[in-house]
Amino acid sequence: MDSGFGQRLFDFAVRVLEYCRELPKTTEFHIIKYQLIKSATSGGANYEEAQGAISKADFVNKINIALKEIREANYWIKILLKVHKSDENLKSIMDESEELKKILGAIYSKSSRVSN
């Protein structure tokens, strides 16, 4: 797979981490930060694991997990857009999350069709 896309997932995770550092230190934001950071970093980690898959089925499974994680990150970002002051940085992160979700969805769709 394209190492450029892996870098894009990595950069997304870093952007999320940096953004989360600036969120208020309240209980509700702590929970959102924790969930968002887990899902945003896990998407890229699972994509990286897929690159070393031992079989086509393993690859498809790891890509599916990466897609699920990015979908979850997308959900937490949507919550932040609703409950926290929305800024251009967060909107940009949301846009990237949507694009990553579409790309992973296309990879998963194409890979799962080929393996069946």
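Bear in mind that the values in this text are calculations on the coordinates, not laboratory data. Predicted model, so just to flag it, every value in this text is computed and none were measured. All Cβ positions, even for glycine, are placed from backbone atoms using ideal geometry, and neighbour counts span all protein chains on display.
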Does LEU23 meet the test of being in contact with a helix residue (DSSP H, G or I) (Cβ under 8 Å, 6 or more places away or on another chain), in contact (Cβ under 8 Å) with a residue 24 or more places away in the chain and part of a loop (DSSP other than H, G, I, E, B)? yes
Within region 72-88, residues being of a type outside the set (A, V, I, L, M, F, W, C) and either over 14 Å from LEU36 (Cα atoms) or not in a helix (DSSP H, G or I) (or both) number 6
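Among the residues of region 93-100, is any of a type in the set (Val, Ile, Thr), buried (at least 20 other Cβ atoms within 10 Å of the Cβ), more than 12 Å from the chain's Cα centre (by Cα) and part of a helix (DSSP H, G or I)?
Keep residues of region 93-100 that are of a type in the set (Val, Ile, Thr), which gives 93.
If we keep only those that are buried (at least 20 other Cβ atoms within 10 Å of the Cβ) as well, we get 93.
Filter again for more than 12 Å from the chain's Cα centre (by Cα), leaving none.
No, because not a single residue in region 93-100 is of a type in the set (Val, Ile, Thr), buried (at least 20 other Cβ atoms within 10 Å of the Cβ), more than 12 Å from the chain's Cα centre (by Cα) and part of a helix (DSSP H, G or I).
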Please verify whether region 56-69 includes one or more residues that are in contact (Cβ under 8 Å) with a residue 40 or more places away in the chain, of a type in the set (Lys, Arg) and in a helix (DSSP H, G or I). yes
Scanning for something surrounded by fewer than 16 Cβ atoms within 10 Å (Cβ to Cβ), among the aliphatic types (A, V, I, L, M) and more than 20 Å from CYS20 (Cβ to Cβ), does region 80-89 turn up at least one residue? no
Of all residues being surrounded by fewer than 18 Cβ atoms within 10 Å (Cβ to Cβ) and aliphatic (A, V, I, L, M) in region 38-64, which is nearest to LEU90 (Cα to Cα)? Just the residue, please. ALA45
